[in-house]
Amino acid sequence: MFSQCDLRLAGDREAGTVCPLCQRQIAVRQEVAVCLECGFVHHRVCWDASGGCGSYDCAPPRRPATKQSEPTLRISSEELDAAAPLARRQSVAPSPQLMFQAPPGPQPPRVNKMAVAALVVGVLGIPLFGLLTGFVAILLGSLAVGTIQRTRQRGVGLAITGILLGVADMVGWLILLAVMLSQPDVHLDIQGFEPNEAALENLAPNVRRAMMANAWIETRGALNVFGGIGSGVVLQINNGEALLVTNRHVVDPNFESDLGRQAGDKPGPADLSVRLVGQPPQVGRVVWVAPDSIDLALLTVPVAAPRVQAALWRRNFPLKVGLSVFAVGNPQGLGWTQTGGVISQLRTLRTGRRELRIIQTSAAINPGNSGGGLYTEEGLLIGIVTWTNDKRFSEGLSFAIALDELLDLASHRLKPAQKFQDAKPDPP
């Protein structure tokens, strides 16, 4: 049975479609056959040749069905009688342990090895050289913390402990090295190292008078805490009271941090204990400090011992390089000590608005000599010992402020008769 169709010339609607029989496009104004059942467009020639529609929907019903024979399995009675049953399969009962055994859970996170290493290195840095091991412990601990955050491992506490131990190792060893390399501040008990009385009496007259003019000055700060020991020189004695010169840093614990005070300013609060030869310690009183941060001060103290004498001095003494000199003071707490040397050089130091004349000497100067006197061979006071270079690096570099600087700054504190006298050593 043929499908019915509509014969026409292809228009814009039919042009461009594909004929289901020849699989070629249909052009405009070609004779076509449109199936009335499915609507597919064919070339008329293809329609006539195939005897109808060639689409999938219309073509199968027109095709004759092929008859297929299915194979048939036949079993005879003899085969049934000869058949033997199969052996029964043995079933094995499952073990109770296997029935109730829980599936394996996730493995616990591991401890980070770098965290453990940081802790071990930090502990070893305590007896070993902590500057190196401490740095290594800090580095390992920092790397361990970063790794633990990425991999979810354990050991954050170990890593942080290693870092803290590394910091403690470095700080502790720095302090230890600083203490070991620093110059020790020796404080000796004066009761066990008193100067020999016979030795003081048998000195040459020029040295003896300088010794009798030396003063031991001890400073105590707040809460009666020991501050330090220095020296002083008796310049004049009037009505049972001695006027002494010393360094300002000996009587003013805050001198280093209070730069810029004007003349007449008093130093910070400190208890001054002044001991002169032949008498017990007395309370000293600061009466003047130098301006422009110059390291000079004047103080007064009662005098009861007749052996105390004022130093010999005069203005404008001619200073020359190579002149033999000696210093008297209390180095390292050893009172009334004399050391000899020469004037190595005359120098100038600018401080504030002034220029100070400085005497460089090879005489041995140590902590405790500050504020003591520098004398000529004849026993004339020419300077106030002030500085010494760090003896770990050099020897024989000591400095004193020329006495004329004090006379220019504090002339109103000294009596004219004493200030301009042509002092001469005592006769032998």
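Only one of these conditions is not met by Pro60: (1) modelled with pLDDT under 75; (2) in a loop (DSSP other than H, G, I, E, B). Which number is it?
(2) is the only condition that Pro60 fails.
Modelled with pLDDT of 90 or more, part of a strand (DSSP E or B) and either outside the structural domain of Gln338 (by TED's automatic domain parsing) or among the polar types (S, T, N, Q) (or both), is that true of Gln279? Working first, answer last.
On the way: modelled with pLDDT of 90 or more: yes; part of a strand (DSSP E or B): no; either outside the structural domain of Gln338 (by TED's automatic domain parsing) or among the polar types (S, T, N, Q) (or both): yes.
It is false that Gln279 is modelled with pLDDT of 90 or more, part of a strand (DSSP E or B) and either outside the structural domain of Gln338 (by TED's automatic domain parsing) or among the polar types (S, T, N, Q) (or both).
Has segment 331-347 got any residue that is closer than 15 Å to Thr388 by Cα and either of a type in the set (Phe, Trp, Tyr) or in contact with a helix residue (DSSP H, G or I) (Cβ under 6 Å, 6 or more places away or on another chain) (or both)?
no
When residues of segment 126-183 are filtered for being modelled with pLDDT under 80 and buried (at least 21 other Cβ atoms within 10 Å of the Cβ), how many remain?
Adding up the residues that qualify gives 1.
Based on what the data block shows, is Leu73 farther than 28 Å from Ile175 by Cβ, at pLDDT 70 or above and among the aliphatic types (A, V, I, L, M)?
Numbers: farther than 28 Å from Ile175 by Cβ: yes; at pLDDT 70 or above: yes; among the aliphatic types (A, V, I, L, M): yes.
Here the answer is yes, as Leu73 does meet what is asked.
Looking only at segment 126-185, which residues are in contact with a Ser or Thr (Cβ under 7 Å, 6 or more places away or on another chain) and either without any contact (Cβ under 8 Å) to a residue 12 or more places away in the chain or of a type in the set (A, V, I, L, M) (or both)?
Selection gives Ile163 alone.
The values are calculated or read from the model by the stated rules, or taken from the named source; none is laboratory data. Note that the coordinates shown come from a computational prediction; the quantities given were computed from them, not determined experimentally. In this analysis, Cβ positions are derived from the backbone assuming ideal geometry, glycine residues included, and neighbour counts consider all displayed protein chains.
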